[in-house]
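Q: Sharing a structure here in structure tokens format.
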Amino acid sequence: MDDKMRLLAAGNLLEAHTWKGMLESSGISVELKGEALLGGVGELPTGIQNVELWVYQSDYQSAKKQMASLNAERPQWKCVNCHEVNESSFELCWNCSAERSEQYS
Ligand SMILES: [Zn+2]
């Protein structure tokens with residue numbers, strides 16, 4: 001009864017997983033859908049494209065908000081360990097290899 005809605009389409013699988021991780025760390029459950037996921041297990045799909053993120057309707061607004069703030073404002077994040085600023089696509093700090101934190105600069 002709580003239907004899922006398509007939140008957005010990611011350019012590639014890595015991006016999709018990055019966003020999924022970010023949303024899930026905020027308690028939003030995310031399902032990935034797309035052609036790239038239909039490939040055989042243990043084989044990297046060659047044409048990675050159109051990976052979609054789906055969320056529950058009840059999470060849609062907050063998920064949208066999260067993505068908007070990620071895309072529109074500052075996509076970079078600041079390492080809580082060494083305070084270096086990292087690009088949004090980095091999952092680990094380039095400087096000290098600490099895990100990405102949710103502290104955006
Ligand atoms: Zn760092």
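Q: Going by the conditions given, is E102 under 13 Å from the mean Cα position of the chain (by Cα), modelled with pLDDT under 80 and among the charged types (D, E, K, R)?
A: Yes.
Q: So, one more: Since S26 meets every condition but one in (1) of a type in the set (S, T, Y); (2) at pLDDT 90 or above; (3) within 16 Å of the ligand (Cβ to nearest atom), which condition does it not meet?
A: Exception for S26: condition (3).
For (1) within 18 Å of R6 (Cα to Cα); (2) modelled with pLDDT under 60; (3) surrounded by 14 or more Cβ atoms within 10 Å (Cβ to Cβ), each residue gets a yes or a no:
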residue	(1), (2), (3)
K33	yes, no, yes
G42	no, yes, no
E52	yes, no, yes
Q57	yes, no, no
Q61	yes, no, no
Q66	yes, no, yes
N81	no, no, no
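The values are calculated or read from the model by the stated rules, or taken from the named source; none is laboratory data. Keep in mind the model is a prediction, meaning the values are calculated, not measured. No Cβ is skipped: glycine too gets one built from the backbone with ideal geometry, and neighbour counts run over all protein chains shown.
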